[in-house]
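The values are calculated or read from the model by the stated rules, or taken from the named source; none is laboratory data. Just so you know, these numbers come straight off a predicted model, no measurement behind them. No Cβ is skipped: glycine too gets one built from the backbone with ideal geometry, and neighbour counts run over all protein chains shown.
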Amino acid sequence: MVRSSTLVGILLLAIVGTGLLYVGWHTMSSGAEATCSVCGRPVHAESRADGVVDGREQTFCCAACALRAREQTGADVKISSVRDYELGQALAPAAAYFVVGSQINLCMREHVHMDAHKEASTMEFDRCSPSVLAFGSQTAATRFRAENGGAVQTLAELQDSYR
């Protein structure tokens, strides 16, 4: 017959083991990098955009990806928040100034694509290009544009260019 102290020991070991498994799973899953709801690229704090697509909240790697989703699918995409490139703070899109087409594009992983014969081919289209970065003030956007190129636009101007 099994002693009660042995049963208590086995039960305690099972509880501790289960707890350790849970802590390990939680640590691994909470450290996972956020990815874009549309293209699957990593979401950077400096270019993140949040929105609602056909009634569902989604996270985008950048405002360009969100606007391209609307353009390509015809889905009802409303950008509810963008991140200030310099400060990483959430901004209301209507209050932001956007620099479009600068030399900085956080979404670009590779600049050279290979064809089936392993030869470099030019990229014809990337959904996150031209880059769209948000700023909390027109002064900050203009200063960034002077150093990195691009054009400063309001949300209305930006949305018009993606219709």
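Checked against (1) out of contact with any Pro (no Cβ under 8 Å at 6 or more places or on another chain); (2) closer than 17 Å to D126 by Cβ; (3) not charged (D, E, K, R), C36 passes all but condition (1). Of all residue pairs spaced 6 or more apart or on separate chains, those with beta-carbon atoms under 7 Å, a first member in the range 73-89 that is free of Cβ contacts under 8 Å to residues at least 40 places away in the same chain and assigned by TED's automatic domain parsing to the domain that holds V99 and a second member that is acidic (D, E) and outside any strand (DSSP E or B) are A75/D54; D76/D54.
A count restricted to the range 132-158 and to residues that are in a loop (DSSP other than H, G, I, E, B) and not β-branched (V, I, T) stands at 4.
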